[in-house]
Protein chains: 2
Amino acid sequence: MCCYMNFKYINYQLLLLACGWLSATPIDKTDPSCYDCATLVHVRGSMSNNALRPSLADVAAKASVSVGTVSHVLNGNPKARIAQATQERIRRAADELGYRPNRFARSLAGKHVRSIGLMIPTLNNPFFISVAVVAQRRILDLGYEMVLDPIFAQEWAVIDHRRLGYWPVDGILMWTFTSQPTNEIFGAQASRMPIVYLGLMNDAYCSGVQVDFYTGMTRVLNHLIQRGRRNLAFVVPETVANKPSSDRRREAYFDAVKSLGGEIQILRYADDHEMANGRRIGLEVGALSARVRPDALVCYNDNVAIGVYHGLRAAGLSVPGDISLTGFDGIEEGQCLDNPLTTAMVPADLVCGAGIEMLIERIENPMLEQHTQIAIPTRLIVGATT
Amino acid sequence: MCCYMNFKYINYQLLLLACGWLSATPIDKTDPSCYDCATLVHVRGSMSNNALRPSLADVAAKASVSVGTVSHVLNGNPKARIAQATQERIRRAADELGYRPNRFARSLAGKHVRSIGLMIPTLNNPFFISVAVVAQRRILDLGYEMVLDPIFAQEWAVIDHRRLGYWPVDGILMWTFTSQPTNEIFGAQASRMPIVYLGLMNDAYCSGVQVDFYTGMTRVLNHLIQRGRRNLAFVVPETVANKPSSDRRREAYFDAVKSLGGEIQILRYADDHEMANGRRIGLEVGALSARVRPDALVCYNDNVAIGVYHGLRAAGLSVPGDISLTGFDGIEEGQCLDNPLTTAMVPADLVCGAGIEMLIERIENPMLEQHTQIAIPTRLIVGATT
DNA sequence: CTGAAAGCGCTTACAG
DNA sequence: CTGAAAGCGCTTACAG
């Protein structure tokens, strides 16, 4: 008998009790037939990951060639011309051993890491998920790997960006934030690290793909005005509301209200739990009497707008009957509402595609001293909330 | 003048035109004052990432010690006792150079990679985002890095899981899927790779944290039955509907309907674009006459349930007036609906926490031959949709 | 208390 | 057409 089953509880039961969960249910696998199952093997020797994997040297030995030759063949190095027969022998050996090159060793030895870091502000907004999905697909297609900045934090403030500094990358694709953390991350090397900004840039001396937030938001606002709305409130995250530098969406709102001769009304929310905070705002606005209530809520993005929508409805208001609602980004979730959201669609695929192209150009031409900036327009999507 | 600004368009314009976007708007940065901005530096020599970063050797040289000594100090190696003065000198040198250890080299040299791979089926379901967030936080706290399996694909089918095989990891935390891709990824090494399964396991000879889906779904169904619902339809993804092995949620549904003497009604949807597909199902059910319509829709998870909810409402039905609706998972988005969703809450933090504990135990005790399995219960959340 | 040295798994000129 | 060798930036016994 090569093993025994053992239901250990380590700290889990304490954990469960501490959290108020009734109890852990042990799984009943006492069936003796388990014991002659073939899937368990004896574990012997070092479990170091390195020991598990066949190396180039293993492949070389099996094919009776040198490691250099194997490397040339497997990487399709055009400078080395290896005999067809040898190539096939090597590929067969690699296949049989299930050889997978060790990325770490490859990066160490080569002059390129062949990977690109992506920084996005949060994973808790489906828009940035689609940015990551689209970026990764492009990056893989171009023969690079993507390293996602470990932004897996609920609160933006607690993220340790410097962590990305520990992952060797050839360059950074960065959806910009309220402040530029580049120096914080890369220290003195920041100025020499190829970086392409997405979304917006604070600086003329950088490369990046801007989204034309100003025009996009202006289109949204004009649409509301055309529909007769005059009393527009802007729903905006705290960090954007507070930051001294101008935000293009906020600018567009200010300009529109000014030219309308109306009153600026800012509704702020804490940045995390965007949808839940939006819902609370919707409830609060819904509780106002019709006289003082805005006739349209212009939201900073779709994610918060969805929450606001539900809050308004939960408060008994009709959208757009009693009040209009708009978002920004064009995420699928907004279009899945019973009344699809009116919004400005940001083409994440174009933004990422252009950004990656720029970045790889910079990586592959390190002497490049020119910077490239481009602005990509958004598209107004008229849904059923206006 | 050390640079010139140049608005290049490479393929972007073609891209934009091809996609039907009107035109790219060049950014007007012709202001000549740009040119004496100090942020641009001349780029000289190799831009290889390696060249950018100070190495251990640089720190050693600066502190006039050997690289071994620097390594001992910076890693706090308890076996080596280094003089306080030397330690301080080394730390100061590292600080001044902005030294960041190269993870790749460290992993190559050391016997542990100190990183854990996480595999989840999709990022397009907020539940799995929270799994990633929670897992990463725990993993970092324990001194490991997390490598997310590049599952950034819209369609589950196109994912190349073998890609994870290229990232050296000490072990794998895997939220299981319909089929176990372990062998596909790791080949012959699969049986020696420490793996902990989350969610469910097909095998007695593995370690993992099960979620008690059966009891959870049974609670949901009993709740509906208590509220007088008798005509229950099950909304389920195609892969689950088709797979031969039993799914615990599906089993619970079959058992409940059988004991009710009712009729099995399965509504399937394609796995990707879960929310949009759910909406379509909601619309279809809403179009049925009241006589043939189910009186409750039991959804496989919250993500699809949210779509169904909107579809039903868009079709003019009242939830729960005309029809009840339930989800599974307990994601925040479900609780943000105007009528919060009735669901079974899966405690992702407990599941991940226990799983990571198990995995690290296996990594650090490679000879361990016992397997640990535990089941974690879900909690019924009664919302406003039943 | 500190250093010299081997080695992790690769890539890449450079020989032959 | 293929191999021997240096080297990437670290860790870790092993000396001294």
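The values are calculated or read from the model by the stated rules, or taken from the named source; none is laboratory data. Given the structure is predicted, the values throughout are model-derived calculations rather than measurements. Please note: Cβ atoms are built from the backbone with ideal geometry, for glycine as well, and neighbour counts cover all protein chains shown. With ligands, DNA and RNA removed, areas are computed over all heavy atoms of the protein, side chains included. Shrake-Rupley method; radii C 1.70, N 1.55, O 1.52, S 1.80 Å.
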Exercise. Would you call A:Ser246 at pLDDT below 90 and open to solvent by 40 Å² or more (accessible area, probe 1.4 Å)?
Worked result: yes
Problem set entry | Pairs, first in the same structural domain as B:Pro54 (by TED's automatic domain parsing) in region B:65-92, second surrounded by fewer than 12 Cβ atoms within 10 Å (Cβ to Cβ) and modelled with pLDDT of 85 or more, C-beta under 7 Å, six or more apart | B:Val67/B:Ala57
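Of the residues in region B:355-368, how many are of a type in the set (A, V, I, L, M, F, W, C) and surrounded by fewer than 15 Cβ atoms within 10 Å (Cβ to Cβ)?
First pass over region B:355-368, keeping only residues of a type in the set (A, V, I, L, M, F, W, C): B:356, B:358-360, B:363, B:367-368.
Imposing the further condition that a residue be surrounded by fewer than 15 Cβ atoms within 10 Å (Cβ to Cβ) reduces the set to B:367.
The total comes to 1.
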Seminar exercise, completed: Here the qualifying pairs (Cβ atoms under 8 Å; residues six or more apart or on different chains; first in region A:268-281 and farther than 17 Å from B:Leu337 by Cα and basic (Lys, Arg); second assigned to a helix (DSSP H, G or I) and open to solvent by less than 40 Å² (accessible area, probe 1.4 Å)) come out as A:Arg268/A:Ala241
Exercise. Given B:Ile331, B:Ile360, which one is aliphatic (A, V, I, L, M) and under 16 Å from the mean Cα position of the chain (by Cα)?
Worked result: B:Ile331
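Residue-wise test of (1) under 21 Å from the mean Cα position of the chain (by Cα); (2) under 30 Å from B:Leu312 (Cα atoms).
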position	(1), (2)
A:Ala241	no, no
A:Ile264	no, no
A:Arg313	no, yes
A:Gln335	yes, yes
Exercise. Which members of region B:123-138 meet the condition of being within 9 Å of chain A (Cβ to nearest Cβ) and open to solvent by 30 Å² or more (accessible area, probe 1.4 Å)?
Worked result: B:Asn124, B:Pro126, B:Ser130, B:Val134, B:Arg137
Exercise. Does region A:115-122 contain any residue that is within 16 Å of DNA strand C (Cβ to nearest atom), crowded, with 16+ Cβ neighbours inside 10 Å and either at pLDDT 85 or above or within 12 Å of chain B (Cβ to nearest Cβ) (or both)?
Worked result: yes
Problem set entry | Out of B:Ala276, B:Ala270, sole residue that is at the interface with chain A (Cβ under 10 Å from one of its Cβ atoms) and open to solvent by 10 Å² or more (accessible area, probe 1.4 Å) | B:Ala276
Exercise. In this structure, is A:Ala354 of a type in the set (A, V, I, L, M, F, W, C), under 26 Å from the mean Cα position of the chain (by Cα) and more than 10 Å from chain B (Cβ to nearest Cβ)?
Worked result: no
Exercise. Residues of region A:51-64 being open to solvent by 30 Å² or more (accessible area, probe 1.4 Å), free of Cβ contacts under 8 Å to residues at least 40 places away in the same chain and within 12 Å of DNA strand C (Cβ to nearest atom), which ones?
Worked result: A:Ala51, A:Ala57, A:Ala61
For this session: Being more than 7 Å from DNA strand C (Cβ to nearest atom), surrounded by fewer than 17 Cβ atoms within 10 Å (Cβ to Cβ) and in a helix (DSSP H, G or I) is the filter here, so list the residues in region A:90-114 that pass it.
Result: A:Arg91, A:Arg92, A:Asp95, A:Glu96
Exercise. Are any of the residues in region A:28-45 at pLDDT below 80, under 30 Å from B:Gln370 (Cα atoms), within 16 Å of DNA strand C (Cβ to nearest atom) and within 42 Å of the chain's Cα centre (by Cα)?
Worked result: yes
Exercise. In region A:369-386, which residue that is at the interface with chain B (Cβ under 7 Å from one of its Cβ atoms) and either open to solvent by 40 Å² or more (accessible area, probe 1.4 Å) or not β-branched (Val, Ile, Thr) (or both) is farthest from A:Gly355 (Cα to Cα)?
Worked result: A:Glu369
Exercise. Can you find a residue in region A:313-331 that is facing chain B (nearest Cβ under 9 Å) and in contact (Cβ under 8 Å) with a residue 60 or more places away in the chain?
Worked result: no
Seminar exercise, completed: Across region A:73-89, the tally of residues that are more than 7 Å from DNA strand C (Cβ to nearest atom) and hydrophobic (A, V, I, L, M, F, W, C) stands at 4
Problem set entry | Matching residues, region A:48-81, being within 14 Å of DNA strand D (Cβ to nearest atom), part of a loop (DSSP other than H, G, I, E, B) and at pLDDT below 85 | A:Ser48, A:Ser55, A:Gly76, A:Asn77, A:Pro78, A:Lys79, A:Ala80, A:Arg81
For this session: Could you tell me which numbered condition A:Arg114 fails, if it satisfies all but one of (1) more than 16 Å from DNA strand D (Cβ to nearest atom); (2) on the phi > 0 side of the Ramachandran plot?
Result: (1)
Exercise. Looking at this structure, is A:Ala344 more than 11 Å from chain B (Cβ to nearest Cβ), more than 15 Å from A:Ala384 (Cβ to Cβ) and either open to solvent by less than 10 Å² (accessible area, probe 1.4 Å) or charged (D, E, K, R) (or both)?
Worked result: yes
Problem set entry | Odd one out for B:Arg227 among (1) more than 25 Å from A:Gly334 (Cβ to Cβ); (2) crowded, with 22+ Cβ neighbours inside 10 Å | (2)
